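A short write-up of the structure that comes next.
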Amino acid sequence: MANDRLRALEEVENQIATILQCAGNIVLELSKDKHNASFLDRQLSQFTGSVNRVETELSSQIRYLTQVATGQPHEGSTYSARKDCQMALNRAEYARVKLGELGHTCEVMLDPQP
Amino acid sequence: MANQRALPQSKESLLQNYNKRLKDDIRSILDNLTEIIKTAKVEEETQVSRATQAEQDHYEMHVRAANIVRAGESLMKLVSDLKQFLILNDFPSVNEAISLQNQQLRSLQEECDKKLTSLRDEIAIDLYELEEEYYSSSYSQWDSTDLPLCEAYRRRDSWASPDRDTTSGSAQGGGEETDGQASQETSPKQHLNGHGTTASADMP
């Protein structure tokens, strides 16, 4: 859910870049002696479409935040689960080390070096 | 401009500020592009000379283009502020992210502990057999107070259950896995304390 909204905002940033690029292409085309009317129309329609999309998306995000935000800091944490998991991994590592020592001892006993 | 953004304290004023910035920037982009296109139109009659009018139009287009770019950058800053606000204040998604992370961490911990438990059970089976082999051979040097695991299990099966409280905890294999583990832990210690190193135990 959070990733969707952040991805939508990433898309809005791309749309803003598209807006500026279309505006630049329009001005560039107008600076020429002979204008390509179809190119101008395409750029203009892309420009207006991007502007509308940006405005709609940002307005909906702000509306959602108005409904959801409380102004208080979030006090949730994953610390306890992370600590438990870390302890479990430490247990597994300790068991691995001890088994390694046991294996080494068995190898030494079975294959005594002169 | 930076001072204006630092002023809003409450959530409502902050979001109203975001709305205002959005409307202003979109309006600025549209108006400036419209004016550029209008200025690009070649007019037959001008109040000043053509060169002056051209120079004025050129400067005006420069300024309006700069305004469009500034409005675009302001929109990018707005998107960045919205992302930050979303990450900090979108409680439903924060709660979901926290619960998902907790779930993943707990499942990893359970899997780890399950594998350790199965490993412990397998090693206990092998240790039982090894001890049975060792203590039934002529190389073993244990007295009646030091019970190997196999002997402890054998006695436990033949005794009634309340009797295990009267004897030492290390001597009893016990019905509990922890007791079994305690005997596994203390028996090697007692063997080591009684007989020195394992090398000495192998000597006939």
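Below, the figures for the structure above:
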read-out	value
Any chance residue B:89 is touching a helix residue (DSSP H, G or I) at 6+ places or on another chain (Cβ under 8 Å) and in contact (Cβ under 8 Å) with a residue 60 or more places away in the chain	yes
Some residue of the range A:1-11 being outside any helix (DSSP H, G or I) and at the interface with another protein chain (Cβ under 7 Å from one of its Cβ atoms)	yes
Test: residue in the range A:94-110 that is farther than 30 Å from residue B:115 by Cα and of a type outside the set (Asp, Glu)	no
Residues located in the range B:30-73, provided they are out of contact with any helix residue (DSSP H, G or I) (no Cβ under 7 Å at 6 or more places or on another chain), under 23 Å from residue A:33 (Cβ atoms) and not in a helix (DSSP H, G or I)	B:41, B:42, B:43, B:44, B:45, B:49
Residue check for residue B:71: exposed (fewer than 12 other Cβ atoms within 10 Å of the Cβ), more than 8 Å from chain A (Cβ to nearest Cβ), modelled with pLDDT of 95 or more and more than 30 Å from residue A:78 (Cβ to Cβ)	no
Selection count where residues are open to solvent by 30 Å² or more (accessible area, probe 1.4 Å), of a type in the set (Val, Ile, Thr) and either at pLDDT 95 or above or over 15 Å from residue B:82 (Cα atoms) (or both), scope the range A:51-69	1
Selected residue [surrounded by 12 or more Cβ atoms within 10 Å (Cβ to Cβ), more than 14 Å from chain A (Cβ to nearest Cβ) and at pLDDT 90 or above] from B:96, B:55	B:55
Per-region count, the range A:16-50, residues more than 17 Å from residue B:37 (Cα to Cα) and open to solvent by less than 30 Å² (accessible area, probe 1.4 Å)	3
Test: residue in the range A:23-30 that is touching a Cys at 6+ places or on another chain (Cβ under 7 Å), within 10 Å of another protein chain (Cβ to nearest Cβ) and at negative phi	no
Residue match in the range B:29-40 (condition: open to solvent by 60 Å² or more (accessible area, probe 1.4 Å), farther than 30 Å from residue B:10 by Cβ, at the interface with chain A (Cβ under 9 Å from one of its Cβ atoms) and at pLDDT 95 or above)	no
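The values are calculated or read from the model by the stated rules, or taken from the named source; none is laboratory data. Because the structure is predicted, anything quoted here is derived from the model rather than measured. Cβ: placed from backbone, ideal geometry, glycine included. Neighbour counts: every protein chain shown. All accessible areas refer to the heavy atoms of the entire protein, side chains included, with ligands and DNA or RNA removed. Shrake-Rupley method; radii C 1.70, N 1.55, O 1.52, S 1.80 Å.
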